[in-house]
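Accompanying notes for the structure given below.
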Amino acid sequence: MAAPMDVSGENVRKFIKQGAEAKVYAENFYGRPCISKERFSKGYRHPTLDKSLTLQRLKAEIRAMSKCRNLGIPVPTLYFVDTSTSTFYMEEIVNSQTVRDYIVSIQTSDPDGAMQKLSPLAEKIGKILSKMHCGKVIHGDLTTSNMLLRGDPSDLDIVLIDFGLSFSEGLAEDKGVDLYVFERALLSTHPNTEELFKVVIEAYKKENVKESADAISKLDEVRMRGRKRTMVG
Amino acid sequence: MDFKVTHHLYPNFSITLALYKDVTNMEALRQCVMKGEFEATLLKPSMICDPFIVLTAANRAVYLDKTNKMTTKNVHSEVLYCLSPTKNITDSFRKFGVGDKDNSVFIVLLNDLDGAKMEFIKSKIEGCQISIDEVSNFKDETQVKKIYKVTDLEVNTCSLSDVIVSRVASKEFLTV
């Protein structure tokens, strides 16, 4: 069970990506491939505010990840948190592809049978989202790029990543918005996936009939008005 | 046979791990550490299911030392505290520190780049050194799961070792 610790490799930080709030690097953490995410400071914010916001968001991200782990949702293993530079180090999910790439590859190789082939995946996604929402975790940025398929895609071993916008909330409103964000992301990145989203929702309902009903009805409401609540009256 | 690495953030700070079995003078060893004859962390091997967990705890302890955020008195006791899921120091020592009656010990030694301190400690131990990877043979899984409050739900998604590594790394943000 103990993984051999090969520490001969020198630690070199390799830049991968930068988003609005953080930079992501690949490196080596005592012999294990690791991803580090550094929330950089924003020069346009007041230093005190900047510090407290960055720390708050780092905390929220780490808490959401461990909450998901407690709920039995696969997330990367956390290795180390450095609050002084607002960086955290987590396991790199090796031998994986994003759900996005997988859907694209299936859709191009077999456009007619895609729906059928992707159904089990959609079901699994619905199940995971339902579990997550039951545990009062709102991901905040559900896209097909933030879901990884580990190993053989047919194993449906989905790992959720990027909890940078997540928060803890049990309100149906937030769950509805979370689902709506995912629907928009799915439909805009992958054409003709309306049916697939229906499968996601069906599985979402089935996993927890009692609690999902409110979220689904909120989803319909959010669809009519968009993600932001109207503040009239 | 000991395992030595330099700290992830501070390359001039080393972490050395070693595992001993059939130790006959545990009581004397503990006295040595308590009297300050040498500094080291003496862990109970039955509480460790993977050396990597100790490495994450030691990594964190050194970091806390360097940033002046330690909870305990010195960096070696901080390793023990980092490893433990509770915020109670005495409790951490009792659960993860080696006891007088134990006959195996997992040693963590920090800041020993030239290996001199390790040599000194080795001269004090009456026991047989084995590879740190063998620590999994000593583990008391039920006890480990109980202390870290690991649920079956978690172990289904990843290994017990990974669950604990995450716990150790996120300790300061979790309320127990």
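One table, with the values for the structure above:
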| read-out | value |
| --- | --- |
| Options A:L196, A:L118, A:L186, A:L156: the member that is buried (at least 16 other Cβ atoms within 10 Å of the Cβ) and under 14 Å from the mean Cα position of the chain (by Cα) | A:L186 |
| Residue ID - nearest to the other protein chains (Cβ to nearest Cβ), chosen from residues in region B:47-70 that are assigned to a helix (DSSP H, G or I) and basic (K, R) | B:R60 |
| In region A:28-72, residue nearest to A:V137 (Cα to Cα) [restricted to those that are of a type in the set (K, R) and more than 10 Å from chain B (Cβ to nearest Cβ)] | A:R57 |
| Listing of helices (runs of 4 or more DSSP H) fully contained in region B:71-171 that carry 2 or more residues being within 14 Å of another protein chain (Cβ to nearest Cβ) and over 26 Å from A:A60 (Cα atoms) | B:141-147 |
| Residue match in region A:133-143 (condition: surrounded by 19 or more Cβ atoms within 10 Å (Cβ to Cβ), over 14 Å from the mean Cα position of the chain (by Cα) and either in contact (Cβ under 8 Å) with a residue 24 or more places away in the chain or in the same structural domain as A:F182 (by TED's automatic domain parsing) (or both)) | no |
| Lone unmet requirement of (1) touching a residue at least 60 places away in the same chain (Cβ under 8 Å); (2) surrounded by fewer than 21 Cβ atoms within 10 Å (Cβ to Cβ); (3) more than 14 Å from chain B (Cβ to nearest Cβ) for A:I103 | (2) |
| Conditions (1) crowded, with 20+ Cβ neighbours inside 10 Å; (2) more than 9 Å from chain B (Cβ to nearest Cβ); (3) assigned to a strand (DSSP E or B); number of the one not met by A:I16 | (1) |
| Near pairs, Cβ below 7 angstrom, 6+ apart or cross-chain, from region A:37-49 (outside any strand (DSSP E or B)) to any residue that is among the acidic types (D, E) | A:S41/A:D50; A:K42/A:D50 |
| Flag if B:E126 is of a type in the set (D, E, K, R) and either closer than 18 Å to A:C68 by Cα or surrounded by fewer than 19 Cβ atoms within 10 Å (Cβ to Cβ) (or both) | yes |
| Strands (runs of 3 or more DSSP E) within region A:74-154 that include 1 or more residues at pLDDT 95 or above and touching a Cys at 6+ places or on another chain (Cβ under 7 Å) | A:78-82, A:87-91 |
| Residue check, B:C32 over 10 Å from the mean Cα position of the chain (by Cα), surrounded by 15 or more Cβ atoms within 10 Å (Cβ to Cβ), in a loop (DSSP other than H, G, I, E, B) and not hydroxyl-bearing (S, T, Y) | no |
| The lone exception for A:K175 - which of (1) surrounded by fewer than 21 Cβ atoms within 10 Å (Cβ to Cβ); (2) more than 21 Å from A:V94 (Cβ to Cβ) it fails | (1) |
| Subset of region A:202-217 [at pLDDT 90 or above and either of a type in the set (S, T, Y) or within 14 Å of A:K136 (Cα to Cα) (or both)] | A:Y204, A:S212, A:D214, A:A215, A:S217 |
| Candidates B:I89, B:I121, B:I164 - the one that is hydrophobic (A, V, I, L, M, F, W, C), over 27 Å from B:K4 (Cβ atoms) and crowded, with 16+ Cβ neighbours inside 10 Å | B:I89 |
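The values are calculated or read from the model by the stated rules, or taken from the named source; none is laboratory data. Model, not experiment: these values are computed from the prediction. Glycine gets a Cβ as well: all are built from the backbone with ideal geometry, and neighbour counts include every protein chain shown.
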